[in-house]
Amino acid sequence: MKKVLKLNSQHVDKCLDLIKSEDELFYFYRKIGWSDNQIILQLNKQTNYSFGFFEDNKLIAFIFGDLISIEKKSEYEILLLYVKSTKRYNGIGTDLISYILEKKDNYKLSKIFLDVAENNSSAIKFYKKHNFILNYIRGGYYIINNIKINALCFSRKL
């Protein structure tokens, strides 16, 4: 059985276990700032609007994000979208984006935005496929292995 659930502090261990189960990705996420503490902080903060994709009650993907209220409208910032490597290219990332879009009226969402490293071609392709548009580039935003990598800033108006 597959389902999407809102994530909170009770799901910290499941999120950490998922990332730590894949060594190479675990170290990558550490390098871009997603420590255990950062994940705990994300799932505990008031603006947290994160969701997990569960298959047979096991977390296999999640989207970390913040719901930002601006006057009478809201915007959603995607901070991290992660799908277990053996489950990628099966539409799970699309299911998570679709879930947020389904809830847009409940939260008066007007826009979704995110940053992605310019060398993450699969993520860039994914977001373009889902009608996100490149707005600008943040030069040298990410530093990975002492190499500065530009961040591509995308958004999708709703």
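The values are calculated or read from the model by the stated rules, or taken from the named source; none is laboratory data. Computed from a predicted structure; not experimentally measured. Here Cβ is always computed from backbone atoms with ideal geometry, including for glycine, and neighbour counts include all displayed protein chains.
Look at segment 104-122 and say how many of its residues are closer than 15 Å to GLU77 by Cβ and either surrounded by fewer than 16 Cβ atoms within 10 Å (Cβ to Cβ) or out of contact with any helix residue (DSSP H, G or I) (no Cβ under 9 Å at 6 or more places or on another chain) (or both). Write out each step before concluding.
Kept after step one, since they are closer than 15 Å to GLU77 by Cβ, are these residues of segment 104-122: 104, 107, 109-116.
Imposing the further condition that a residue be either surrounded by fewer than 16 Cβ atoms within 10 Å (Cβ to Cβ) or out of contact with any helix residue (DSSP H, G or I) (no Cβ under 9 Å at 6 or more places or on another chain) (or both) reduces the set to 104, 107, 110-111, 113, 115.
Matching residues across segment 104-122 total 6.
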Some residue of segment 111-131 being outside any loop (DSSP other than H, G, I, E, B), over 15 Å from the mean Cα position of the chain (by Cα) and of a type in the set (S, T, N, Q): yes
LEU41 vs. criteria touching a residue at least 40 places away in the same chain (Cβ under 8 Å) and under 28 Å from TYR141 (Cβ atoms): no
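Conditions tested, residue by residue: (1) out of contact with any Phe, Trp or Tyr (no Cβ under 8 Å at 6 or more places or on another chain); (2) under 25 Å from LEU41 (Cα atoms); (3) of a type outside the set (Asp, Glu).
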residue	(1), (2), (3)
ILE68	no, yes, yes
TYR99	no, yes, yes
LEU114	no, yes, yes
LEU134	no, no, yes
TYR141	yes, yes, yes
Residue pairs meeting the criteria (Cβ under 6 Å; at least 6 apart or on separate chains; first more than 14 Å from ASP115 (Cα to Cα), in segment 72-86; second outside any strand (DSSP E or B)): LYS73/LYS108; SER74/TYR107; SER74/LYS108; VAL83/ILE92; VAL83/GLY93; SER85/GLU22
Verdict on GLU55 being over 13 Å from the mean Cα position of the chain (by Cα) and at pLDDT below 95: no
Any pair with Cβ under 7 angstrom, 6 or more apart, that starts in segment 6-28 at a residue that is within 22 Å of TYR49 (Cα to Cα) and ends at one that is part of a helix (DSSP H, G or I) and polar (S, T, N, Q): SER9/ASN44
Segment 1-27, residues that are in a strand (DSSP E or B) and touching a Ser or Thr at 6+ places or on another chain (Cβ under 6 Å): LEU7
Cross-chain or 6+ apart pairs with Cβ under 9 Å, segment 126-155 first and farther than 19 Å from TRP34 by Cα, then in a loop (DSSP other than H, G, I, E, B) and of a type in the set (Phe, Trp, Tyr): PHE126/PHE132; PHE154/PHE132; SER155/PHE132
Residue in segment 70-99 that is modelled with the lowest pLDDT, counting only those that are of a type in the set (A, V, I, L, M) and over 14 Å from PHE126 (Cβ atoms): ILE70
